[in-house]
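Some notes on the structure that comes next.
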Amino acid sequence: GIQVEQSPPDLILQEGANSTLRCNFSDSVNNLQWFHQNPWGQLINLFYIPSGTKQNGRLSATTVATERYSLLYISSSQTTDSGVYFCAVSPPQGAQKLVFGQGTRLTINP
Amino acid sequence: SAVISQKPSRDICQRGTSLTIQCQVDSQVTMMFWYRQQPGQSLTLIATANQGSEATYESGFVIDKFPISRPNLTFSTLTVSNMSPEDSSIYLCSYRGQNIQYFGAGTRLSVL
C-alpha cells in the first residue's frame, strides 16, 4: 500500500520562529490533508490540499503532486501551535480511506 | 461540518472484558470510519462502516475482536472485545464531508 513519510519527527523551536514540515508519499493520491493534534488529543483539519498552495493566517501548505510531496509552513510560531502535525493521504483506489504519516511533534517554547 | 460526539471519553477496563464506544453525528453521513491511535503512534484505520451493510475491516483487524454496528446514518458503535493491555489506545470515529475528514474527540482506553 501507499507509504507516507513525515520529517522531521521532532522539532523544538522558540516562540516567533518559522518552520517547515515535510510529507513524502509513495504513489499518486486523490486526497491529501494536514491535521494538528493538540495536547488533549483532538484532531483538527488544517488543509485539504491534493495539489497547489493554500494559506490560512500564519499557516500555509504546498503540494507538488507530480513529485509526491507536501510542505506545511508555520510562521511566527506561538506556544499554542505545539502538538503533533499529521499528513494523511487517500490513494486513488482507496475511496475515502486515509493513510496517515507518523507525524511531526512540534514543541514551541516561550 | 457536522458535530461528532463520542462516548465514553475515557475508560479503564479489566483484561478479558469488552467496551462499546458510541459515535453520534448530528447530520446524516454515508460512511463512518473507526481509527486507532496507540500510545505515541499515528492513526490506523480499523474499519469503514456503511449503514445497512457489514463493516469493511482493514488488514490486521477482525470482526470478532472489533464488532461494529451502523444502525442508521447518524450513529455507529465500535466494541473492543476480550481486551488485553495491548488494546490500550485512543479510538476515534470519523467521517468525511466535502473532502475534509472530521474526527470525534476520541475515547482513551486503558486496559489493566
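The values are calculated or read from the model by the stated rules, or taken from the named source; none is laboratory data. Note that the coordinates shown come from a computational prediction; the quantities given were computed from them, not determined experimentally. Note that each Cβ is placed from the backbone with ideal geometry, even for glycine, and that neighbours are counted across all protein chains shown. The area values use the complete protein model at the heavy-atom level, side chains included, leaving out ligands, DNA and RNA. Shrake-Rupley method; radii C 1.70, N 1.55, O 1.52, S 1.80 Å.
Quote the charge dipole size of chain A about the Cα centre in Debye, to the nearest 20; the model charges only the Cβ of Lys and Arg (+1) and of Asp and Glu (-1). Intermediate values should be presented prior to the final figure.
Working: 6 positive and 6 negative charges, 34 e Å.
My answer is approximately 160 debye.
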Fill in: Interface area, A with B, accessible, probe 1.4 Å, both sides summed, Å² nearest 100
1700 Å²
Worksheet entry | Positive-end residue, chain A charge dipole about Cα centroid, Cβ charges, pick of A:S19, A:V89, A:Q3 | A:V89
Worksheet item: Given a cut-off of under 8 Å on Cα pairs at least six residues apart, what relative contact order in percent is computed for chain B?
Response: 37 percent
Worksheet entry | Alpha-carbon Debye profile of the protein assembly as shown, log10 I(q)/I(0) at 0.12 Å⁻¹ | -0.65
Worksheet item: Taking the C-alpha atoms of the range A:4-109, how large are the radius of gyration and the largest Cα-Cα span, Dmax, in Å?
Response: 13.1, 42
Worksheet, complete the sentence: Inter-chain shielding metric for A:42-51, i.e. average beta-carbon neighbours from other chains within 10 angstrom, reads 3
Worksheet, complete the sentence: Here FRET efficiency (C-beta to C-beta, A:N30 to A:T80, R₀ 35 Å, nearest 0.05) is 0.65
Response to the item:
Distance in nm between B:Q14 and B:T56 label points, each 7 Å along Cα→Cβ, equals 3.9 nm
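Below 8 Å between Cα atoms, with a sequence gap of 6+, how large is the relative contact order for chain A in percent?
Numbers: 280 pairs, mean separation 41.1, N = 110.
Reported relative contact order: 37 percent.
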Discussion item. Under 5 Å between amide hydrogens, which residues at least 5 positions from A:S82 or on another chain qualify, with H placed 1.01 Å from N in the peptide plane?
Written reply: A:I108
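Arrange the residues B:Y102, A:Y85, A:Y69 by how much accessible surface each exposes, largest first, with a 1.4 angstrom probe.
Largest to smallest exposure gives the sequence B:Y102, A:Y69, A:Y85.
Using the crude model of +1 on Lys and Arg Cβ and -1 on Asp and Glu Cβ, and no other charge, please compute the dipole size for the range B:17-105 relative to its Cα centre, in debye to 20. Please report the intermediate quantities before stating the final value.
On the way: 4 positive and 6 negative charges, 30 e Å.
Once rounded to the nearest 20, the dipole reads 140 debye.
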Worksheet item: Residue by residue through the range B:101-112, which ³J(HN,Hα) values in whole Hz follow from phi under the Karplus form 6.51 cos²θ - 1.76 cosθ + 1.60 (θ = phi - 60°), with glycine and proline marked x?
Response: 8, 10, 10, x, 6, x, 10, 8, 10, 10, 10, 9
Worksheet entry | Orphan Cys of the protein assembly as shown, criterion: no other Cys C-beta under 4.7 Å | B:C13
Item to complete: Determine which aspartates and glutamates satisfy two conditions relative to A:K97: a Cα distance under 19 Å, and not lying fewer than 8 residues away in the same chain.
Response: A:E5, A:D27, B:E54, B:E58
Worksheet item: In a GNM of chain A with a 10 Å cut-off on Cα contacts, which of A:G57, A:G41, A:G83 has the highest mean-square fluctuation?
Response: A:G57
Fill in: Accessible area per residue in Å² at 1.4 Å probe, computed on the range A:4-109
46 Å²
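How much of the accessible area of the protein assembly as shown, in percent, comes from carbon and sulfur atoms when a 1.4 Å probe is used? Working shown, then result.
Working: 5020 of 10540 Å².
Within the protein assembly as shown, the accessible surface is 48 percent carbon and sulfur.
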Response to the item:
As straight-line cross-link partners of B:K65, the qualifying aspartates and glutamates (C-alpha separation under 13 Å, not fewer than 8 residues apart within one chain) are B:E86, B:D87
Worksheet item: Whole-Hz Karplus ³J(HN,Hα) for the range B:21-34, in order, using 6.51 cos²θ - 1.76 cosθ + 1.60 and θ = phi - 60°, x for Gly and Pro?
Response: 9, 10, 9, 10, 10, 8, 8, 6, 10, 6, 10, 10, 10, 10
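Across all directions of projection, what mean area in square nanometres is found for the Cα convex hull of the range B:17-105? It would help to have the intermediate numbers written out before the result.
Details: hull surface 23.5 nm².
Its average projected convex-hull area is 5.9 nm².
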Discussion item. Given points 7 Å out from each Cα along the Cα-Cβ axis, report the A:V64 to B:Q38 separation in nanometres with one decimal.
Written reply: 3.4 nm
Worksheet item: How large is the charge dipole for the protein assembly as shown, taken about the Cα centre, if only the Cβ atoms of Lys, Arg (+1) and Asp, Glu (-1) carry charge, to the nearest 20 debye?
Response: 220 debye
Worksheet item: To two decimal places, what compactness ratio does the range B:54-112 give when its Cα radius of gyration is scaled by 2.2 N^0.38 Å?
Response: 1.23
